[in-house]
Amino acid sequence: KQKDHASETLFDTQCPFCSVQCAMQLIEERVVGRNRYKVVPKDNPTSNGRLCIKGLHAHQHALHTERLQFPLLKRNGRFVRVSWEEALSFIQVNFKNIQKEFGNDAIGVYGGGSLTNEEAYLLGKFARVALKTKYIDYNGRYCMSAAAAAMNATFGLDRGLTNKLSEIPHARCIILAGTNIAECQPTIMPYFHQAKKNGTFFIVIDPRETATCGLADLHIKIKPGTDAAFVNGMLKVIFAEGYVDEQFVKERTEGYDELKKHIEQIQLDEMAEMTGIAPEVIQFAARQYATAPTGMIFTARGVEQQTNGYMTVRNFLNLALVTGKIGKIGCGYGAITGQGNGQGGREHGQKADQLPGYRSIENPEHRKYIASVWGVPEEELPRKGVSAYEMMQKIDEGEIKGLFVMGSNPVVSSPNARFVKRALKKLQCLVVVDLFLSETAELADLVLPTSSYLEDEGTMTNLEGRVTWRPASRKRPGEVKHDWEILCEIARVLGKGDYFRFSSAEEIFHELRVASRGGLADYYGITYERLRNERVYWPCPSPDHPGTARLFEQSFAHPDGKARLAVVDNEYQKEQTTEQYPIYVTTGRVLSHYLSGTQTRRSPALASRQIEAFMEIHPNTAKKYKIENNALVKLETKRGAAVVRSKYSYKIREDTVFVPFHWSGKQNINQITDDALDPHCKMPGFKICAARISSIVDL
Ligand code: SF4
């Protein structure tokens, strides 16, 4: 939708940098022969016309001169520009040869949580129908998998927030566990500020005193990896002091007797010892949450990106269930999504075990339905593959010979990143679709240029489970194609073009709606026509359905309508400190950067706010290891080393240092992060690794 005002052009769009999906307008002014750009917020019911610093500068990378504009093929170690015909022919020959020699599963597909719903859907179909490979997964495995699996197991359904954001001010007690909303999703902070004004008691659980701790009435500066034990301590108090909502538990849950028996064996003093939090403080937190008339719990990657992240989230859900704080106004749970389409990206079939509409790839009925929508025989649909990091292991072992990467940069974002880089170098054929020559694209045999959020129409689903529509506003540069066009064209040269006859994102969305119909994430009632005027919550089973803002009011999504309580051990994160590696490293984001930094490191305004990685360290710890402030420091684990600059802070525990993960090369902290996987959801243990640190004089 373009509106010309003499020398001024307005582009309607929305920010790509987080799950809030703030609406905004890019203003392009022609001033004495030069273009000048400005971003202004647009009203919307999620962030109500607010933008953070990332949104205000999100155009800078999209308009960057380093944007890829033509397909690039590596010849003799150097990229050369080729036509789309040559690029497609390269894929046709190489993928077909690999599959002919080694079987269909010798090609893997790696997607991303920033793709639109249409593209995430089409990528899943592309893997299963065009390539017929079982190996597809995406970077959301590193993001939302623990919370998603925990919600599925507990409620029978995974949607980021069970309630709309506007209910936050109605909660009288709010627990924020491992989530730094003030830096990661700043435009939703006013909901929490309003709650604070209303007298809400805030409990913030985090080993660091983050910007979000400004809300805290009680900051639990917990020992990393012990969140599940802390919740067991709270449950002990709730059970012992009679705060269980017996009627809710009886009518709406399963597993109460087992949980009760387990909690009876818990010793509060032991939980205090494990977590580093005094028993009185655990008691106080439990009483505040349990006795509040309403309450909400929010978790994010801080507690989820651990090798026991799944069980930890299940314990937070236990807390909500035994106190009956779910399915009512101001009572619920939320996993605060990080990626731009972290919610929608996990619903439509780009996960190893999943078909569109949250259907299971191993369920015969689900397979039958999706096969009928796609017009293929059910028996031809591949079975379940493996998770994102396991795909890297399969590449290293030589089982996967070719990889197609769309919307992700695993060389920077994977745990044990040096291993991943080494594995990718072993591939016979690596094809990467990206905006820029990312660290992963640099390793590719073929790089395909894709359109940015300013140029690509599509839908996304925000952290509330609300579907949003983003128009294409600007013209694409050079010979750039949309992700969905690229998938359709590759399918055509692979001989599967009949299944990919789409001429717009809207046509793909229509098929997605049908594929999701009757599934848990039912989009059938949502159309582009509706989305042009409103943001619609799923499930929305028919065009006249208003959408479902609050989940689980009457029943949960398991067939018997009941939620499942879980017995959660106090199990620690797998990697523990030792004499050789005596300090915990934890990772996270900073306000001005997004994911692996491919986009934000190219934005002058955002990059200049935080130009390099750093290690936040308590001055007492720094003294112990003879580390000056602002000095170069080497962090080493058994997987490798990273080099960053020290930054003194009293806001971090003395046994822990913090390093953000948006940088590459020596500064990439994922070179040392733990690649052990949570057995339930295959989330790597990003958030905690045992390291040694030392000051270095020169590099
Ligand atoms: Fe909104 Fe998130 Fe973009 Fe900030 S980064 S403007 S909060 S969508």
Which ones in the stretch 642-663 are buried (at least 20 other Cβ atoms within 10 Å of the Cβ) and in a loop (DSSP other than H, G, I, E, B)?
653, 661, 662, 663
Kindly indicate whether residue 378 is surrounded by fewer than 16 Cβ atoms within 10 Å (Cβ to Cβ), among the acidic types (Asp, Glu) and either closer than 26 Å to residue 414 by Cα or in contact with a helix residue (DSSP H, G or I) (Cβ under 6 Å, 6 or more places away or on another chain) (or both).
yes
Restricting the search to the stretch 289-322, which residues are assigned to a helix (DSSP H, G or I), buried (at least 23 other Cβ atoms within 10 Å of the Cβ) and among the polar types (S, T, N, Q)?
312, 315, 318
Across the stretch 271-281, what is the total count of residues that are in contact (Cβ under 8 Å) with a residue 12 or more places away in the chain and either assigned to a helix (DSSP H, G or I) or surrounded by fewer than 16 Cβ atoms within 10 Å (Cβ to Cβ) (or both)?
6
Which one of the conditions (1) under 17 Å from the mean Cα position of the chain (by Cα); (2) more than 16 Å from the ligand (Cβ to nearest atom); (3) outside any helix (DSSP H, G or I); (4) closer than 23 Å to residue 13 by Cα does residue 113 fail to meet, given that it meets all the rest?
(2)
Complete set of residues in the stretch 191-219 that are over 24 Å from residue 583 (Cβ atoms), assigned to a helix (DSSP H, G or I) and away from the ligand (no atom under 16 Å from the Cβ)
194, 195, 196, 197, 214, 215
Which of the residues spanning the stretch 145-174 are buried (at least 24 other Cβ atoms within 10 Å of the Cβ) and closer than 16 Å to residue 329 by Cα?
161, 162, 163, 168, 171, 173, 174
Every residue from the stretch 620-641 that is in contact (Cβ under 8 Å) with a residue 40 or more places away in the chain, assigned to a strand (DSSP E or B) and closer than 15 Å to residue 672 by Cβ
633, 634, 635, 636, 637, 640
Matching option when the condition is assigned to a strand (DSSP E or B) and either β-branched (Val, Ile, Thr) or within 16 Å of the ligand (Cβ to nearest atom) (or both), among 168, 222, 175, 188
175
Quick one: residue 144 ticks every box in (1) out of contact with any Asp or Glu (no Cβ under 8 Å at 6 or more places or on another chain); (2) at pLDDT below 95; (3) of a type in the set (A, V, I, L, M) except a single one, so which number is it?
(1)
Residue 548 vs. criteria crowded, with 17+ Cβ neighbours inside 10 Å, assigned to a loop (DSSP other than H, G, I, E, B) and not aromatic (Phe, Trp, Tyr):
yes
Can you list the strands (runs of 3 or more DSSP E) lying wholly within the stretch 1-110 that have 2 or more residues being more than 16 Å from the ligand (Cβ to nearest atom), aliphatic (A, V, I, L, M) and surrounded by 14 or more Cβ atoms within 10 Å (Cβ to Cβ)?
72-75
Considering (1) within 25 Å of residue 554 (Cβ to Cβ); (2) surrounded by 24 or more Cβ atoms within 10 Å (Cβ to Cβ); (3) of a type in the set (A, V, I, L, M, F, W, C), say which one residue 286 fails and leave the rest.
(1)
The residue that is modelled with the lowest pLDDT, considering only those in the stretch 1-39 that are more than 30 Å from residue 140 (Cβ to Cβ) and among the polar types (S, T, N, Q), is 2
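Conditions tested, residue by residue: (1) surrounded by fewer than 22 Cβ atoms within 10 Å (Cβ to Cβ); (2) within 22 Å of residue 368 (Cα to Cα).
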{"site": "465", "(1), (2)": "no, no"}
{"site": "475", "(1), (2)": "yes, no"}
{"site": "483", "(1), (2)": "no, no"}
{"site": "486", "(1), (2)": "no, no"}
{"site": "516", "(1), (2)": "no, yes"}
{"site": "520", "(1), (2)": "yes, yes"}
What residue, among those in the stretch 502-514 that are touching a residue at least 24 places away in the same chain (Cβ under 8 Å) and of a type in the set (Gly, Ala, Ser), is surrounded by the fewest Cβ atoms within 10 Å (Cβ to Cβ)?
504
If a residue must be touching a residue at least 40 places away in the same chain (Cβ under 8 Å), in a loop (DSSP other than H, G, I, E, B) and within 24 Å of residue 366 (Cβ to Cβ), how many such residues does the stretch 519-539 contain?
7
Residue 687: passes all of (1) more than 24 Å from residue 308 (Cα to Cα); (2) at pLDDT below 95 but (1)
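The values are calculated or read from the model by the stated rules, or taken from the named source; none is laboratory data. All figures in this text were calculated on a predicted structure; none of them were measured in a lab. A quick note on method: Cβ atoms are made from the backbone with ideal geometry, for glycine too, and the neighbour counts reach across all protein chains shown.
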